[in-house]
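Visitor: The structure that follows is given in the form of structure tokens.
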């Protein structure tokens, strides 16, 4: 299972921190939240921090 938090850097940029396992189930759990965060920031200056992720599947690579 994966979880995420996001932090606004400015009105046009954000940092998204993901932790846990990015397998099929983890990706499906965070995907709707991730897309809603991406749509909030019109500048599309978004950094995704994967430092705390312990597993990344090939499905996750395609999802991201």
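None of the figures in this text is laboratory data; all of them are computed from the coordinates on show. Quick caveat: nothing in here was measured; it's all calculated off a predicted structure. All Cβ positions, glycine included, derive from the backbone under ideal geometry; neighbour counts span all protein chains shown.
Visitor: Go through the stretch 9-31 and count every residue that is in contact with a helix residue (DSSP H, G or I) (Cβ under 8 Å, 6 or more places away or on another chain) and buried (at least 16 other Cβ atoms within 10 Å of the Cβ).
Guide: So the count comes out to 8.
Visitor: Could you identify the single residue in 46, 16, 38 that is more than 12 Å from residue 2 (Cα to Cα) and without any contact (Cβ under 8 Å) to a residue 12 or more places away in the chain?
Guide: Exactly one of 46, 16, 38 is more than 12 Å from residue 2 (Cα to Cα) and without any contact (Cβ under 8 Å) to a residue 12 or more places away in the chain, namely 38.
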